[in-house]
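The values are calculated or read from the model by the stated rules, or taken from the named source; none is laboratory data. Only a predicted model underlies this, so the values are computations on that prediction, with no experimental measurement involved. Neighbour counts are summed over all protein chains in view; Cβ atoms, including those assigned to glycine, are modelled from backbone coordinates with ideal geometry.
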Amino acid sequence: MKKAFTLVLAVVMLIALPAGCSSGNDDQATEPPTTQEPEPGTDELEPVTLRMSWWGSQVRHDSTIAVLEMFMDKHPDIKIEYEYSGWDGYWDKIAAQASANALPNIWQQSVAYVKRYAEANQILDMQPYVDDDIIKLSDWSESAVDTTRIDGKLYSLSLGNAAHCIVYDPDLFNEAGVPLPNLDWTWDDYRNSVKGITDALDIFGDQTFPNMNAKDGLRHYVFSQGYTMYNEDQTKLNFPQELMVEYLNWEKELQEEGYIADQATQGEITTAEASLVVTGESAMYSNMNSNIGVAVMEAAGKPLALVNYPHLEGETRWGTVLTPSQLINMTNTGTDADKTASAMVVDFILNDIDANLELAAERGVPGNSKVVEALMNSDAVSEYAKITINYVNEVAPHLEADPDAIRPPTDGEIITIYENYHDQVMFDQISAEDAAEKFFADANALLAGS
């Protein structure tokens, strides 16, 4: 256990850049209105009612509600009303609330959007509450704390560190007589694996191509070749168009051959419970952060295995990166008492050991080193959660923090543009070459004007 704990600390120390998964097929967010900078919290706390919002699986909903109830038992003057959903629709709702100046006091944030809301002054700089020792970060590494600082301000903190991964069922690999993937496998190995599984078992080798969060799979692909998605000042794309063409053609070919699920089938799957690796209709699921593996294994009712994305010939570094799976932030509205109480809730979620035993690292590897140690030594944490922590431990020495993690404010729109052209390619409406040309033109126009 001591070795595992040491490696987890290495994960946290590696995250030294302003970074960010989430997370995801983010819907376009409307630019929120600006508000004024807050004053630090008051010394005395009045009875308050707070709102908190998050997205996730049923496993996450249940554990988060249990933790909030634990907090309210300890602090009867603080009532927390909560709202939660899946990923779909979450950002539309947040955008509408932002426009109405009605955001929750505390909400789960994505690296794709934190810069947007920080620049609009609608999320709170939490540093005054750290300075007042309300949010306690003495057991966090400096790099973990600084992950989402923007212009020196602490707008959010990581709810868990993760690495993108492929979840696979070793039983199906063995049944098909296909070698298990390992840390060194290549894109050719990946193709041989999905083909071998489909030929032997008449199921999909993979539910999806390795394309976490729409364009994030492409981002991994170009990162391994020494590029980043955006240039340093985030005013244009920063990789050759040819790499996007190559990447799209990989996916289209494998869909056409029936080795991975077709685009229409993929679009019908919206929950962990419905994923094909859970139902036994595929041997892999290549579209997730490592922490989401907990919900998939819970749905499958058995341990599964995790492996990194494949390597590309000529790569200069691993395409897989370390990133916060989700963030937590506080809204820059409400009374001083609201803000102080919100900071107390954030501290409890991030640092209380009993709370984190309930959360069980479902959001990723916690930033607090003492919490990680408690998780790895506790029988209360599931085998599934420990599998995901051990995966991050295993790949961490090879990985770099994601230089594109804090995204430009237009990132949500760029994701939507990419998804549109990606789907046109998969449905055989345009070529990969045309898709790349159109995507670069549209994305660069947005970035230049942002």
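From 349, 430, 406, which residue is among the aliphatic types (A, V, I, L, M), within 25 Å of residue 329 (Cβ to Cβ) and not in a helix (DSSP H, G or I)?
Being among the aliphatic types (A, V, I, L, M), within 25 Å of residue 329 (Cβ to Cβ) and not in a helix (DSSP H, G or I) holds for just one of 349, 430, 406, which is 406.
Name every residue in the range 311-338 that is outside any strand (DSSP E or B), under 19 Å from the mean Cα position of the chain (by Cα) and not aromatic (Phe, Trp, Tyr), in order of residue number.
319, 320
Can you run down the residue pairs with Cβ atoms below 9 Å, 6 or more apart or on separate chains, where the first is in the range 81-106 and outside the structural domain of residue 65 (by TED's automatic domain parsing) and the partner is in a strand (DSSP E or B) and hydrophobic (A, V, I, L, M, F, W, C)?
Listed pairs, sorted by first residue: none to list.
Among the residues of the range 87-98, are any within 25 Å of the chain's Cα centre (by Cα), loosely packed, with under 14 Cβ neighbours inside 10 Å and assigned to a loop (DSSP other than H, G, I, E, B)?
Within the range 87-98, one or more residues are within 25 Å of the chain's Cα centre (by Cα), loosely packed, with under 14 Cβ neighbours inside 10 Å and assigned to a loop (DSSP other than H, G, I, E, B).
For the range 273-309, which residues satisfy the criterion of being of a type in the set (Asp, Glu) and in a helix (DSSP H, G or I)?
First pass over the range 273-309, keeping only residues of a type in the set (Asp, Glu): 273, 281, 298.
298, the sole residue that qualifies.
So which of 346, 395 ends up being assigned by TED's automatic domain parsing to the domain that holds residue 141, β-branched (Val, Ile, Thr) and closer than 26 Å to residue 80 by Cα?
Values: 395 fails: closer than 26 Å to residue 80 by Cα.
Among 346, 395, only 346 is assigned by TED's automatic domain parsing to the domain that holds residue 141, β-branched (Val, Ile, Thr) and closer than 26 Å to residue 80 by Cα.
Each row is one residue, and each column tells you yes or no for (1) in the same structural domain as residue 149 (by TED's automatic domain parsing); (2) surrounded by fewer than 24 Cβ atoms within 10 Å (Cβ to Cβ); (3) closer than 23 Å to residue 375 by Cβ.
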site	(1), (2), (3)
270	no, yes, no
278	no, no, no
285	no, no, no
291	no, no, yes
297	no, no, yes
339	yes, no, no
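Has the range 424-447 got at least one residue that is within 24 Å of residue 325 (Cα to Cα), surrounded by fewer than 22 Cβ atoms within 10 Å (Cβ to Cβ), in the same structural domain as residue 266 (by TED's automatic domain parsing) and not hydroxyl-bearing (Ser, Thr, Tyr)? Steps first, answer last, please.
Start the filter on the range 424-447 by keeping residues that are within 24 Å of residue 325 (Cα to Cα), which leaves none.
There is no residue in the range 424-447 that is within 24 Å of residue 325 (Cα to Cα), surrounded by fewer than 22 Cβ atoms within 10 Å (Cβ to Cβ), in the same structural domain as residue 266 (by TED's automatic domain parsing) and not hydroxyl-bearing (Ser, Thr, Tyr).
Report those helices (runs of 4 or more DSSP H) wholly inside the range 180-260 carrying at least 2 residues which are more than 22 Å from the chain's Cα centre (by Cα) and assigned by TED's automatic domain parsing to the domain that holds residue 315. Even if it seems obvious, please write down each step before you answer.
Details: elements: 187-201, 216-223, 241-256.
Correct list: 187-201, 241-256.
Kindly list, by first and then second residue, each pair from a residue in the range 434-450 that is polar (S, T, N, Q) to a residue that is surrounded by 14 or more Cβ atoms within 10 Å (Cβ to Cβ), limited to pairs with Cβ atoms under 8 Å and residues at least 6 apart or on different chains.
Cβ pairs passing all conditions: 444/236; 444/237; 450/234; 450/235; 450/408; 450/409; 450/410.
This table checks each residue for (1) among the charged types (D, E, K, R); (2) assigned to a helix (DSSP H, G or I); (3) out of contact with any strand residue (DSSP E or B) (no Cβ under 7 Å at 6 or more places or on another chain).
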residue: 116; (1), (2), (3): yes, yes, yes
residue: 121; (1), (2), (3): no, no, yes
residue: 138; (1), (2), (3): no, no, yes
residue: 160; (1), (2), (3): no, no, no
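State all residues of the range 356-370 that are farther than 17 Å from residue 107 by Cα and not in a loop (DSSP other than H, G, I, E, B); if no residue qualifies, say none.
Within the range 356-370, 356, 357, 358, 365, 368, 369, 370 qualify.
Would you tally the residues in the range 24-57 being at pLDDT 90 or above, within 21 Å of residue 87 (Cβ to Cβ) and either more than 21 Å from the chain's Cα centre (by Cα) or not in a loop (DSSP other than H, G, I, E, B) (or both)?
Here is the first cut: in the range 24-57, the ones at pLDDT 90 or above are 47-56.
Filter again for within 21 Å of residue 87 (Cβ to Cβ), leaving 51-56.
Those still in the list that are either more than 21 Å from the chain's Cα centre (by Cα) or not in a loop (DSSP other than H, G, I, E, B) (or both) too: 51-55.
Matching residues across the range 24-57 total 5.
From the list 387, 353, 349, pick out the single residue that is under 29 Å from residue 319 (Cβ atoms) and at pLDDT 90 or above.
Numbers: 353 fails: under 29 Å from residue 319 (Cβ atoms); 349 fails: under 29 Å from residue 319 (Cβ atoms).
Of the residues listed, the single one that is under 29 Å from residue 319 (Cβ atoms) and at pLDDT 90 or above is 387.
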